[in-house]
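Undergrad: Below you'll find the structure I mean.
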Amino acid sequence: MDLLSQLRGQIADFSAFLHREGFVDDQFTQLQKLRDESSPGFVVEVVSLFFEDCEKLVNNMAKALEQQIVDFKQVDSHVHQLKGSSSSIGAARIHNVCIAFKTCCEDQNRNGCVRCLQQVNHECIQLKNNLQTLFNLEQQIIAAGGSIPAKQ
Amino acid sequence: MMQGNIWISLNPLGSAQSMTLVLRFQIRPSYGRATFAPGTSSEQPSSNPQFRGLRVILADDDALNRTVTKKLLEKLGCEVTAVSSGFECLSALSSAENSVRLVVLDIQLPEMHGFEVATRIRKVRSRSWPLLK
């Protein structure tokens, strides 16, 4: 098997894994379909924007939850934003944690919120690493003379 | 001219980010109904004669959502001006004169709520206008 076929096989397996384990959903596939010659870096750009957002929101939520009197409305609005952007890029696990997180905010459950925040953080790190692996594989395919497959 | 009915139905959970866009073109019976739903449809967006060159203003204060929605619309063939506030939306409209055919507004915009933007647009444009919220 030549290198290109090997890499294509790897990326197909890895994408299947990401979907199977719920790291990403069909929205991520839709994003990948939007990539074309005029904007080859589209997915990377959007994903980078997401993680920048994620970091800011997680920091804001952590600060809010450290306060003596927690402003749950503010925490909720941060969670709401993260829920929306995770849905936009197909970050399914993060999206699901946000749903539980919102409930904790509504219940004004500080411990629950702290737990959810830890989970969000954990999922963000995992997704970032996974997507980095995916993008690295894509770069290897390009370096080997191939083009990024439209459908994996 | 499009002269169709255009409306938007929000996700029942009330999330402004979960958008279902339903476009119905009354004067093209063979076209039927086209549904473009980010994340919910398995249809692949592709450039379409109905949308080619269609000038759109997109207003969303969230950079990520704006990037994704803009790309989706461009993939359909639209020419998109993306802005991040209601004020920018109104000024983009006034400088574009009559060439803008569609406005896509996020409901939660800073300083000016999406509904208010829509109302102001309607006041300025007296004839019936396709408007999407």
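Since every read-out is calculated from the coordinates, none of them should be taken as a lab result. Because the structure is predicted, anything quoted here is derived from the model rather than measured. Please note: Cβ atoms are built from the backbone with ideal geometry, for glycine as well, and neighbour counts cover all protein chains shown.
Undergrad: Taking only DSSP H segments of four or more residues, each worth -39500 (n - 2.57), what value at 222 nm results for chain A once the sum is divided by all its residues, to the nearest 500 deg cm²/dmol? Display every interim value, and only then the final one.
TA: On the way: 6 runs with 119 residues, N = 152.
Calculated at 222 nm, the ellipticity per residue is -27000 deg cm²/dmol.
Undergrad: Still on this structure, please answer the following. Taking a ≥ b ≥ c as the square roots of the eigenvalues of the Cα gyration tensor of chain A, is the shape rounded (a/c under 1.5), prolate (a/b larger than b/c) or oblate? Mind showing how you got there, number by number?
TA: Details: a/c = 2.93, a/b = 2.56, b/c = 1.15.
The shape class here is prolate.
Undergrad: Counting just the Cα atoms, what span does the range A:84-149 cover along each of its three principal axes? Round to the nearest Å and put the largest first.
TA: Principal axes ranked by extent give 54, 19, 11 Å for the Cα atoms.
Undergrad: Still on this structure, please answer the following. So what is the diffusion coefficient of the range A:111-152 in µm² per second by Stokes-Einstein at 25 °C and 0.890 mPa s, using a Kirkwood Rh over Cα pairs?
TA: Calculated translational D: 200 µm²/s.
Undergrad: Counting partner chain Cβ atoms within 10 Å of every residue's Cβ in A:75-87, what's the average?
TA: Average per residue, whole number: 3.
Undergrad: Based on the alpha-carbon gyration tensor of the range A:23-62, what equivalent-ellipsoid semi-axes (square roots of 5 times the eigenvalues) come out, in whole Å, largest first? Present the calculation step by step, with values, prior to reporting the outcome.
TA: On the way: eigenvalues 121, 32, 4 Å².
Result for the range A:23-62: semi-axes of 25, 13, 5 Å.
Undergrad: Sorting A:102, B:71 on the 10 Å Cβ count, fewest up front, what's the list?
TA: Sorted ascending by nearby Cβ count, the order is A:102, B:71.
Undergrad: Among the listed pairs A:128/B:71; A:73/B:71; A:102/B:70; A:83/B:70; A:56/A:128, give every one whose C-alpha distance is greater than 26 Å.
TA: Working: A:128/B:71 22 Å; A:73/B:71 32 Å; A:102/B:70 28 Å; A:83/B:70 20 Å; A:56/A:128 15 Å.
Going by Cα-Cα distance, A:73/B:71; A:102/B:70 fall outside the 26 Å limit.
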